[in-house]
1. Report whether or not V186 is assigned to a loop (DSSP other than H, G, I, E, B) and not assigned by TED's automatic domain parsing to the domain that holds Q126.
2. Could you figure out which of (1) of a type in the set (G, A, S); (2) more than 25 Å from A157 (Cα to Cα); (3) surrounded by 19 or more Cβ atoms within 10 Å (Cβ to Cβ) isn't true of G198?
3. For residues that are part of a loop (DSSP other than H, G, I, E, B) and without any contact (Cβ under 8 Å) to a residue 12 or more places away in the chain, tally how many sit in the range 247-272.
4. All but one of (1) surrounded by fewer than 21 Cβ atoms within 10 Å (Cβ to Cβ); (2) without any contact (Cβ under 8 Å) to a residue 40 or more places away in the chain hold for M210, so report the exception by its number.
5. Would you say S117 is closer than 30 Å to V264 by Cα and out of contact with any strand residue (DSSP E or B) (no Cβ under 8 Å at 6 or more places or on another chain)?
6. Of all residues in the range 213-246, count the ones that are farther than 13 Å from V203 by Cβ and in contact (Cβ under 8 Å) with a residue 60 or more places away in the chain.
7. Checking the condition outside any loop (DSSP other than H, G, I, E, B), touching a Ser or Thr at 6+ places or on another chain (Cβ under 8 Å), surrounded by fewer than 21 Cβ atoms within 10 Å (Cβ to Cβ) and at positive phi, which residue from N155, N220 passes?
8. Only one of T83, T70, T100 is of a type in the set (S, T, N, Q) and exposed (fewer than 13 other Cβ atoms within 10 Å of the Cβ); which?
Amino acid sequence: MKKGYKTLAAILCSSGILMASSLGVDPVYAHTAQAQAFASMVLLQAQHNIPFSIQFIDGFKVKVTNNRTTAVNTFDVSANKATYVRQGIYQGNGKLQKITMGFAQKLVQLVPFTDASGNLRWKGQQTLWGVNGEDRIAVATSVWNIVNEQPQLLNVAVEAGDWDNLPSSDIEINSGFSMGGDITYVLDTKYADVTGDGVKDHVLLVGDKMGNAMNLLAENLRIVVREGKNKQQTFVSVGKRDSGTLPKLSIGDANYDQIPDVLVTMPTAAGQIYSQFTWKDNRPVPVVDQDKLNNRSAYQPVNGIYGEAIFMKPIK
């Protein structure tokens, strides 16, 4: 970042209180005059990990136990039946042949987001596997708050994985992104096949902001698709309205062409702004014109539990 931008960022945060420094985390600044905080990603220490027990049981099912809360979820894994039978885990009739345990990704990082009520929260995600790194069972999503320099767990949901909506494992959120300037950051990522060639792509939302805090206003928002098959990188502006605070990506098939599309949610002081893109002629193009998509008499957002829209519903 240029010296002038660093100085400006320091001025912006100079009236804040440094929080969570004892957690081994990136700085989190709580503004003394406002409810809003300057928030960065939180790197958790080992004692904040959420441990899970993952046990295969009869009937091609897996029992997942949250060892912190003792909550239990059961998942059907019969889609992977042939592999498990070949591995000697099950008999063909679903009878368990040998005690088999899965394993869980450790929780080491929390990413700030604004929930559906407008509260600043932090989200962590853990993938739960069966017997290897390919037979994914579920995803554990935890929501946290930071209070008195300590992370507080608010809730945990363990659900069958929406694998297209997990972040890229190769690109770190809030890292710098080279695009002709040094104030461009990666704001969100997904890992999904949005080009329709059968190979997953890294989908990034990048924008310009005046510092490392994640919930500073980001402008000049662009979608970047780094193709998994040929490594080609393509970018496109989200539209004429291209700024927001803690903007997010969501992947889903909006136009029912069997190819996942990219939806952008841009929170602003006046409300949420949306853009949606599909892959056509080797580049992202709008599914619907941005002005029309944001006409509430034409489209209404269907929101997920974490604040961002997951689908834009046309009004008949």
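1. The answer is no for V186.
2. Looking at each condition in turn, G198 falls short on (3).
3. The number of residues fulfilling the criteria is 4.
4. For M210, the exception is condition (2).
5. Yes: the conditions hold for S117.
6. 6
7. Just one listed residue meets the conditions, N220.
8. Answer to the selection: T70.
The values are calculated or read from the model by the stated rules, or taken from the named source; none is laboratory data. If you're wondering where the values come from, they're calculated on a predicted model, not measured in any experiment. So basically every Cβ, Gly included, is an ideal-geometry build from the backbone, and we count neighbours across all protein chains shown.
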